[in-house]
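Trainee: Got a structure for you, written out below as C-alpha cells; questions coming shortly.
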Amino acid sequence: MTVTATKSQTAPTRVLSYAGALLETMDAGLANNPNAFIMGQGVDDFKGIFGSTTDLARKYGPKRVFDLPLMEEGMTGIAIGAALVGDYPITTHIRADFAFLAMNQIINLASKYSYMFGGIMTCPMLIRVVVGRSWGQGAQHSQSPQSTFAHYPGLTVVMPSTSQAIVDMYPQIIGRHPGPVVSIEHRLLYNLDFSVSASSKPIPLTSYVAREGRDVTVVATSVMVLEAMRAAQYVHETAGIEAEIIDLNSISHPDWDLVAASVRKTGRLVIADTSWLEYGVAAEVCRQLMLRDPGLLKAPPAMLGMASAPCPTAKSLEDIYYPSQHETVDAILTQVKGARHGIALPTEKSMTEGYKRFRGPF
Amino acid sequence: MIPNDELYRRLFRTSLLIRLVEERIIDLYPSDRIQSPVHLSIGQEAVAVGVCDALRPDDLVFATYRSHGFYIAKGGNLDAMFAELYGRMGGVSKGKAGSMHLSAPDVGLMGSSAVVASSIPHAVGAALSFKRRGTSQIAMAVFGDGATEEGVYHESLNFAALMKVPVLFICEDNGLAVHSYRHVRQSYNLVKHAATFGIASRRLDEGWDMLAVRQATLEAAERVRAGEPFVLEIATARYKEHVGVGDDFHFGYRGQKEIDEWKARDPLLTDKTLLEALRPEIEREIEKAVAFAESSPAPGRSELLTDVI
C-alpha cells in the first residue's frame, strides 16, 4: 500500500518505507555524529528492530551498535551517564510497554536533569519505542504512552506518522536536540511505503497541517493521521467535504496556535488518537482550545481512541477496540452534516485491513 | 597512622570540614533558612574523603542524596553549596537542586539523585564512554547498602562485567535503610554477590580510617583503570537520623551502643589536638560561605521555567 505524502510536491520524490526511513536516519545519525551510538535488545541481530538498524553493527562496529542484556532501567541509566559526558545515545524498545521498566530513569532522571541541576548539565538522547497493534498484541504489547510521557516537563515526545516525518525530524533530534526525546513509532507503519520529498521546509518538531480543508478539523496522531487522510479522501469523494488534518506530531510541544486557527476556520473538530481518551491527547486538545476561546466550536467535538479497557487479544474484540475507518469517516460526516448524514460508510474497516496480508511474527 | 603526616592532615582537614559544615547546618536548621530535607553524613565522612582523595581530578563521581560529604570531598565550592542549601541564585544549581541534588561537574561530581540506586547506571554509562574513547578516566558510583537491593544495581553489575567498563562501585554500608537493619533486607553477602558476576570485590571494615579507605580505593581504582569493574564495600556509621538534623536513638529502633563504639574510633572525635588546631580556619571558611548564601538573591519568577528543555 502506498500512502501519498502530504506535502505539496515540488521537490523530487522517492518511495521509502517507514522502516527504511528509520534505517536511513539511524545510519546518517551514526555517520554524522561520531559520539552517537545505538544500544538496545536485538539492535545488532538479523531482524534489526524491524529493519530499522539492520547491518549497522557491521558497518559501525560493536562499540557503536550493540545488543544488551534485558535491562530497560539500566540501559536508560547508562544512556544518561554516557550523555552526561558528551555522547549521544539512541536506545530502543521493541514495544513501548517495555519502556515502562525504564520509567524511573526517563521520568525521575532524564526529564529533570537540566532543570534540577540549574542548567549546568543535560542528557540529550533519543529513546525509540514501538507501539504494537493487531494480530493479537494483547494488553502488554499495544500501549501507546504519549500522554504519559508528555505529562512530564523536560521530555520531548514525538510521534512520526510518515517516512517524511522521520527523515525530516530525526536529523533535527540526533546530536542536535539538547534534551531527551522519546519517539513513539508505530509498528503498523513500519512496512508501509510513503512518498518522500527532499523538501526545503522539513517537518518541524511540532504540529503541521497534513491536509488543508475548510469544513472540519481533524487533529490526529501517528497511525491515526493515515486513518484520517484516508477518511478525508473518502468524504471528499462521497460528500464533497474538505477535512483539514493536523498531524499533532509533537505531543509535548504541539503548535496550539495552528490547531486553534484551524478550528476557528472550520468550527468543527474530530480528535483521533492512538491511545485512551481519558487524561490523554484528546483531553489536552480540548483544554487548549477551551483556554483560547470556548466559543470556537459549533458542535461538541468527536473523539476517537482506544476503548477504555486493556487491549484484548481476541480478534473479534480487537477489531472493535480500536477506532475503525468506519468510525473515523462517520465522525467527520457527523461533524459536518449531522448524525443523519445518510452517506454510506466505507467497506474497508481500518488500517489493519490495509495491513491484512501481514501475518506476523512481530 | 602518623598524626603529623601531611596526608593524614589533609584527609583529616577535609573530613573536619564536612563535619563542621554539617554541624553548622544543624545550627541553622531551626531558623528555616534551609527549607529542604537534609541527609547528614556525620559519621560517614572518612568514606567520602578517603575515596575521593584516591581518585584523579578528572575521574567522575555519581553520588546520592546524602551528598554533602562527597560534594566537599571532590572539591565542590563551599559558597555555592551553602547558597544551594539556602535556595539562592548563587547556588550550584540556582537553588533548584538543594541538599539532595548537589553536583559540581567542574570538579567531577555529577548529579546526585534522591531516588535510591538511580545514579548507579549513570556511572556505568560514563565509564562505557571512557572506555570507547580510550581515556584512562574511571567513573565511580556511590550508594548505600539499601541500594544494592534495587534491580538496577544488579543490571549495572551485569553490564559492567560483560562490557568490562572502568567503573568503581562504592557501597557505603551503614547497615541501615532508613530505619531497617540490613539483616531483614538482604539474603546475600555483597562481596560474594559481586563475585558471581566475576567482579573483583572487597569489604573494608575500618570505614572510620581515612587512610585505610584511601588505600583500599587506590588499589581498587588501579584495577578499574586497567579495565575492569570493582565493588568496594566500606563499613561506616550514620550518627544522625536518616533525614533531618536530630539524633534518633530515643525512638528505640537502634541502639546507641554500636554508634558509641564507632565514635570511640572516630578520629574527628579522638584527635582533639589536630581538631582544635584546624577548627578556627575551617569555621571562618564556613562563616564566609554562610554569609555568601545569606547575601545571595533568591531566584525570581524568571527562573521558574528556565532550563526546562
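Please treat every number below as a calculation from the coordinates, not as lab data. This one's a predicted model, so the numbers in the text were calculated from it and none came from an experiment. Cβ coordinates were reconstructed from backbone atoms using ideal geometry, including for glycine residues, and neighbour counts include every protein chain displayed.
Trainee: What translational diffusion coefficient, in µm²/s and rounded to a whole number, does the Stokes-Einstein relation yield for the range B:1-126 at 37 °C and a viscosity of 0.692 mPa s, taking the hydrodynamic radius as the Kirkwood radius over Cα pairs? Walk me through the numbers before you get to the answer.
Mentor: Numbers: Rh = 14.8 Å.
Using the Kirkwood radius from Cα pairs, D works out to 222 µm²/s.
Trainee: Above 49 angstrom, tally the Cα pairs of the protein assembly as shown and express them as a % of all pairs, no decimals.
Mentor: The share of Cα pairs beyond 49 Å in the protein assembly as shown comes to 24 percent.
Trainee: Label-point separation (nm) for B:K272 and B:A291, each offset 7 Å from Cα along Cα-to-Cβ?
Mentor: 3.1
Trainee: OK, next. Under a 5 Å amide H to amide H cut-off, with H placed in plane at 1.01 Å, what residues pair with B:L102 once short-range neighbours are removed?
Mentor: The answer is B:S112.
Trainee: A further question on this structure: Over chain B, what portion of Cα pair distances is larger than 34 Å, expressed as a whole percent? Walk me through the numbers on the way to the answer.
Mentor: Numbers: 9204 of 47586 pairs.
Value for chain B: 19 percent of Cα pairs lie more than 34 Å apart.
Trainee: Over all directions, the average projected area of the alpha-carbon convex hull for the range A:13-197 comes to how many nm²? If you can, show how the numbers build up before the last one.
Mentor: Working: hull surface 39.9 nm².
Value for the range A:13-197: 10.0 nm².
Trainee: For chain A, take the longest principal axis of its alpha carbons; what is the angle in degrees between that and the long axis of helix A:72-84, to the nearest 10 within 0 to 90?
Mentor: Helix A:72-84 and the main axis of chain A meet at about 70 degrees.
Trainee: May I ask you to derive the FRET efficiency for B:R133 and B:H242 from their Cβ-Cβ distance with R0 = 35 Å, giving the value to the nearest 0.05?
Mentor: On the way: r = 39 Å, r/R0 = 1.11.
E(calc), rounded to 0.05, equals 0.35.
Trainee: Then there is this: What list do you get for A:L68, B:L20, A:L248 if you sort them by fewest beta carbons within 10 Å? Spell out each step's value before the answer.
Mentor: Numbers: A:L68 22, B:L20 18, A:L248 30.
The order, fewest Cβ neighbours first, is B:L20, A:L68, A:L248.
Trainee: Now a separate question. Which residue, B:T306, B:F292, B:L269, has the largest displacement toward the positive end of the dipole of the range B:266-306 when charges sit on each Cβ (Lys, Arg +1; Asp, Glu -1)?
Mentor: B:T306
Trainee: Report the calculated FRET efficiency for A:A314 and A:D257 (r = Cβ-Cβ distance, R0 = 60 Å), to the nearest 0.05.
Mentor: Details: r = 43 Å, r/R0 = 0.72.
After rounding to 0.05, the efficiency reads 0.90.
Trainee: Moving on. Quickly work out the B:D106-to-B:R284 label distance, labels modelled 7 Å from Cα along the C-beta direction, and quote it in nm with one decimal.
Mentor: Here the answer is 2.3 nm between the modelled labels.
Trainee: Please report the Cα spread of the range B:142-224 along all three principal axes, rounded to whole Å, starting with the longest.
Mentor: Sorted from largest, the Cα extents of the range B:142-224 read 35, 31, 18 Å.
Trainee: If you don't mind, there's one more thing I want to ask. Output the Kirkwood hydrodynamic radius of chain A, Cα pairs only, in Å rounded to one decimal. Working shown, then result.
Mentor: Details: mean 1/r = 0.0482 Å⁻¹.
So the Kirkwood estimate lands at 20.8 Å.
Trainee: Moving to a separate point now. Quick one: angle between helix A:281-292 and the longest Cα principal axis of chain A, in degrees between 0 and 90, rounded to 10, please.
Mentor: Helix A:281-292 and the main axis of chain A meet at about 70 degrees.
Trainee: Another question about this same structure. Positive end of the charge dipole of the range B:52-201 (Lys, Arg +1 and Asp, Glu -1 on Cβ, about the Cα centre): tell me which of B:P57, B:G69, B:S129 has its Cα farthest that way.
Mentor: It is B:S129.
Trainee: What residues qualify as long-range amide H neighbours of A:M303, i.e. H under 5 Å apart, gap of 5 or more or another chain, H built at 1.01 Å from N?
Mentor: When sequence neighbours closer than 5 places are left aside, the close amide H contacts are A:I271.
Trainee: Can you show me the helix-derived [θ] at 222 nm for chain A, built from DSSP H runs with n ≥ 4 at -39,500 (n - 2.57) apiece and divided by the number of residues, rounded to the nearest 500.
Mentor: Details: 13 runs with 121 residues, N = 362.
Calculated mean residue ellipticity at 222 nm is -9500 deg cm²/dmol.
Trainee: Same structure again: Can you pull out the trypsin sites (Lys or Arg not before Pro) in the range A:189-230 that DSSP calls coil and that have at most 12 other Cβ atoms within 10 Å?
Mentor: Working: sites: A:R211, A:R214, A:R230; in loops: A:R214.
Listed in order of number, the matching sites are A:R214.
Trainee: Peptide B:149-162: average number of partner chain Cβ atoms within 10 Å per residue?
Mentor: Details: counts 0, 2, 6, 12, 1, 2, 11, 6, 1, 5, 8, 2, 0, 2.
That average works out to 4.
Trainee: Let me ask something else about it. For A:K47 and B:Y253, FRET efficiency with R0 = 35 Å and r from the beta-carbon atoms, rounded to 0.05?
Mentor: Working: r = 53 Å, r/R0 = 1.52.
So the FRET efficiency works out to roughly 0.10.
Trainee: Moving to a separate point now. With N set to the number of residues, divide the alpha-carbon radius of gyration of the range B:204-309 by 2.2 N^0.38 Å and report two decimals. Write out the running numbers ahead of the final one.
Mentor: Working: Rg = 20.4 Å, N = 106, 2.2 N^0.38 = 12.9 Å.
After normalising by residue count via 2.2 N^0.38 Å, the value is 1.58.
Trainee: Could I ask something else about it? For A:P62, what charge total do you get from the other residues with a beta carbon under 14 Å from its beta carbon, if Lys and Arg give +1 and Asp and Glu give -1?
Mentor: Numbers: positive: A:R58, A:K59, A:K63, A:R64, B:K131, B:R132, B:K164; negative: A:D44, A:D45, A:D55, A:D67.
Once all neighbours under 14 Å are counted, the net charge is +3.
Trainee: So for the range A:102-228, what are the equivalent ellipsoid semi-axes in whole Å, largest first, each being the square root of 5 times an eigenvalue of the Cα gyration tensor? Before the final figure, lay out the partial values.
Mentor: Numbers: eigenvalues 140, 77, 39 Å².
Semi-axis lengths for the range A:102-228 are 26, 20, 14 Å.
Trainee: In terms of modelled amide H atoms, which long-range or inter-chain residues lie less than 5 Å from the amide H of A:V157?
Mentor: A:V182, A:I251, A:S252, A:H253
Trainee: May I pose another question? Tell me the volume per residue, in Å³, of the convex hull enclosing the alpha carbons of the range A:208-354.
Mentor: On the way: hull volume 15.7 nm³, N = 147.
Dividing the Cα hull volume of the range A:208-354 by its residue count gives 107 Å³.
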